[in-house]
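Chemist: Provided herewith is a single structure, encoded as structure tokens, for subsequent inquiry.
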Amino acid sequence: MEWFATLSVKWVLIVAGLLLLGRTALAKRRRSDVAEGLRDLTDASLAALVVVFLVLRPFIVQAYFIPSESMRPTLLESDRLIVNKLLYRFRPPHRGEILVFRPPDGLIGPDGQLPDQKDYIKRVVGLPGDAVEVVPPQLLVDGRTLLRLTQEPASDVRAHSFEPDVPVGFTFPMAGGGVRVDGRSAEITGGLDRDCRVLLIAPSDRVEHDANIAYVNGSSELAVAFGPLEDSRDITQWGGDSRLSGHVFTANGSPRLILVRGRRLQLSAGHVRVNGRQLSEPYVAEPPTYALPPVRLGAKDYFVLGDNRNHSLDSHAWGPLPADRILGRAELIFWPAGRFRWLH
């Protein structure tokens, strides 16, 4: 199925040539029912070849094979699709539509190699002129950002920005870990030399420390064997809001305890913002765990992302998609039969 959908023009011409040779040989044979039947079959095959490969596939519809997990859960590996190649001759793509396109020239995959996939398939999230931003999970205090959380070291997040001179912003790494929030405190595990606690404190609370212990109102909240503990008042160093105030206790450069003044602590999932507004995307496999600063799209650019946000080589890695690379819109899954459905 996949080889038939992607059969090159060279092989189409070879097959057509063989059919023409067969048709010529049959024409020279003595008339018989068998010869007439074979000539009719050859004529029908030639006509089908012309219609399918020289008219339908280049200009109207084409079958497409899903080779990877980047569009899960919407599209699964080995799904077969019908792609509408005529629609965008009459109107531009709309936000939310699933596109098949030629990837940018010289695209390098996350392994440093050129991907062997000829065409890509992703979803449109940004239209020409839009400003698109990807916000990672955030720990919020009274609705204000305290920490921007990612699943990778902050130094590697910059590799996701296709504009290397544009800073992604500080992040609080939590690779392989997680965050548990109960409203007034949070436990952050993984990705650091040691786990870190976040506690809300009142303006009147007394905060003190010595070389190994941090106290709130005389009660020990953090004790370390190897210090010394250092108290930083810079609550913004991991992407926090400058209007927040508190203490960040570090040991050997690693944050261990964050005390911040506020009433409510909550965890906000990663999301995409377009022109400052969060997109509602019920189709994604999971929220993004990477950061991308705002990017303004050109007059003929689109921003495309895989539904499997954290496992997709897409615009967050290689930039906007030029309109002239777009081949068509994915319309329906036609195989496997049990997954037959329209996509729009």
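Chemist: Within the set of pairs 6+ apart or on separate chains, which have a first residue in segment 327-344 that is free of Cβ contacts under 8 Å to residues at least 40 places away in the same chain, a second that is in a strand (DSSP E or B) and not charged (D, E, K, R), and C-beta atoms under 7 Å apart?
Modeler: 340/333; 340/334; 341/332; 341/333; 342/332
Chemist: Would you mind stating whether residue 241 is on the phi < 0 side of the Ramachandran plot, modelled with pLDDT of 90 or more and part of a loop (DSSP other than H, G, I, E, B)?
Modeler: yes
Chemist: Could you grab me the full set of residues in segment 251-270 that are in a strand (DSSP E or B) and surrounded by fewer than 19 Cβ atoms within 10 Å (Cβ to Cβ)?
Modeler: Within segment 251-270, 254, 261, 266, 267, 268 qualify.
Chemist: Name the residues in segment 186-236 that are open to solvent by 60 Å² or more (accessible area, probe 1.4 Å), more than 12 Å from residue 256 (Cβ to Cβ) and under 40 Å from the mean Cα position of the chain (by Cα), would you?
Modeler: Those that are open to solvent by 60 Å² or more (accessible area, probe 1.4 Å), more than 12 Å from residue 256 (Cβ to Cβ) and under 40 Å from the mean Cα position of the chain (by Cα): 233, 234.
Chemist: Of the residues 87, 99, only one is under 13 Å from residue 326 (Cα atoms), within 21 Å of the chain's Cα centre (by Cα) and open to solvent by less than 50 Å² (accessible area, probe 1.4 Å); which?
Modeler: Criteria check complete, one pass: 99.
Chemist: May I pose another question? Against the definition (buried (at least 20 other Cβ atoms within 10 Å of the Cβ), over 14 Å from residue 132 (Cα atoms) and among the hydroxyl-bearing types (Ser, Thr, Tyr)), how does residue 312 come out, yes or no?
Modeler: Judged against the criteria, residue 312 is a match.
Chemist: In this structure, is residue 280 in contact with a Ser or Thr (Cβ under 9 Å, 6 or more places away or on another chain), loosely packed, with under 15 Cβ neighbours inside 10 Å and assigned to a loop (DSSP other than H, G, I, E, B)?
Modeler: Spelling it out, it is not the case that residue 280 is in contact with a Ser or Thr (Cβ under 9 Å, 6 or more places away or on another chain), loosely packed, with under 15 Cβ neighbours inside 10 Å and assigned to a loop (DSSP other than H, G, I, E, B).
Chemist: Taking the conditions exactly as written (open to solvent by 10 Å² or more (accessible area, probe 1.4 Å), assigned to a strand (DSSP E or B) and in contact with a Phe, Trp or Tyr (Cβ under 6 Å, 6 or more places away or on another chain)), does residue 273 satisfy them or not?
Modeler: So residue 273 does not fit the description; no.
Chemist: Still on this structure: Does residue 69 satisfy the condition of being open to solvent by less than 50 Å² (accessible area, probe 1.4 Å) and modelled with pLDDT of 85 or more?
Modeler: Against the criterion (open to solvent by less than 50 Å² (accessible area, probe 1.4 Å) and modelled with pLDDT of 85 or more), residue 69 does not qualify.
The values are calculated or read from the model by the stated rules, or taken from the named source; none is laboratory data. Since this is a predicted model, take the numbers as computed values, not measurements. Cβ atoms come from the backbone with ideal geometry, glycine included; neighbour counts cover every protein chain shown. Note: areas computed on protein heavy atoms with side chains; ligands, DNA, RNA excluded. Shrake-Rupley method; radii C 1.70, N 1.55, O 1.52, S 1.80 Å.
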